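Below you'll find the structure, written out as structure tokens, and then a few comments.
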Amino acid sequence: SEKVLESSPLDRVLQQVQVGNDWSSKPIKFDYLTNVGDAVKKYTITTTWSVANTDIYTTTSSLPVISTYADNTLYKNKVTDEDGNESYEFKNGQGQTILVRKVLSATESADTYYVYNEYDQLALVIPPLASVKATLLQSDLDELCYQYRYDNQNRLVEKKLPGKGWEFMVY
């Protein structure tokens, strides 16, 4: 295999060729950009705390409020695989993944959003079927999204997968 690095102190990978003669003409290409004109949705949620018993507090997140990120506020990493398929990963300044966009065609893409609460905990994963909706209702969250709740020690204590009931973790 071979990696081609950019000539900067960051040493980011620009191209990677897999092992074998068949792959030598099909490199994986990487580009490093910012979000300019991408219309990346910004989901904002607020967290409330509830008391499970005298020592343990758990979180509950509100319905997300949807806006968009301003240009040049997110890092945008583009990956073109061996078959020419493009995908984009948008990250904030803290390195948290905000959006993974897989390009399906020139006019269509599949977006998966990752929503963090004010404590930098992953609270929601919004898959492509839900991300196309203009607003998200509680029924959309329950049927389509992945939801996570934490205790006062930053431990995952509840999670909900789409179409399934809440799962509880006991520590």
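The values are calculated or read from the model by the stated rules, or taken from the named source; none is laboratory data. Since the model is a prediction, treat every value here as computed from it, not as a measurement. Glycine gets a Cβ as well: all are built from the backbone with ideal geometry, and neighbour counts include every protein chain shown. Ligands, DNA and RNA are excluded from the accessible area calculation, which covers all protein heavy atoms including side chains. Shrake-Rupley method; radii C 1.70, N 1.55, O 1.52, S 1.80 Å.
Enumerate the strands (runs of 3 or more DSSP E) found wholly within region 58-157, keeping only those where 1 or more residues are on the phi < 0 side of the Ramachandran plot, free of Cβ contacts under 8 Å to residues at least 24 places away in the same chain and aliphatic (A, V, I, L, M).
By residue number, 65-68, 97-103, 109-116, 122-126.
Pick from region 28-57 the residues that are of a type outside the set (Val, Ile, Thr), assigned to a loop (DSSP other than H, G, I, E, B) and under 21 Å from the mean Cα position of the chain (by Cα): which of them is modelled with the highest pLDDT?
Here the residue is Asn35.
Can Val132 be described as β-branched (Val, Ile, Thr) and loosely packed, with under 11 Cβ neighbours inside 10 Å?
So Val132 passes the test.
Taking the options Leu141, Leu63, name whichever one is open to solvent by less than 60 Å² (accessible area, probe 1.4 Å) and under 30 Å from Trp49 (Cβ atoms).
Answer to the selection: Leu141.
Only one residue in Asp111, Asp140, Asp120 is of a type in the set (D, E, K, R) and closer than 18 Å to Trp166 by Cβ, so which one is that?
Asp140
Go through (1) surrounded by fewer than 13 Cβ atoms within 10 Å (Cβ to Cβ); (2) farther than 30 Å from Pro27 by Cα and name the single condition Ser105 misses.
(2)
Would you mind stating whether Glu86 is modelled with pLDDT of 85 or more, farther than 30 Å from Glu158 by Cα, touching a helix residue (DSSP H, G or I) at 6+ places or on another chain (Cβ under 7 Å) and open to solvent by less than 70 Å² (accessible area, probe 1.4 Å)?
Considered against the rule, which asks whether it is modelled with pLDDT of 85 or more, farther than 30 Å from Glu158 by Cα, touching a helix residue (DSSP H, G or I) at 6+ places or on another chain (Cβ under 7 Å) and open to solvent by less than 70 Å² (accessible area, probe 1.4 Å), Glu86 comes out as no.
Checking the conditions here, which among Ser25, Ser8 is part of a loop (DSSP other than H, G, I, E, B), open to solvent by 50 Å² or more (accessible area, probe 1.4 Å) and among the hydroxyl-bearing types (Ser, Thr, Tyr)?
Ser25
Can you say whether Tyr114 is buried (at least 18 other Cβ atoms within 10 Å of the Cβ) and either of a type in the set (D, E, K, R) or under 14 Å from the mean Cα position of the chain (by Cα) (or both), as far as the supplied structure shows?
It is true that Tyr114 is buried (at least 18 other Cβ atoms within 10 Å of the Cβ) and either of a type in the set (D, E, K, R) or under 14 Å from the mean Cα position of the chain (by Cα) (or both).
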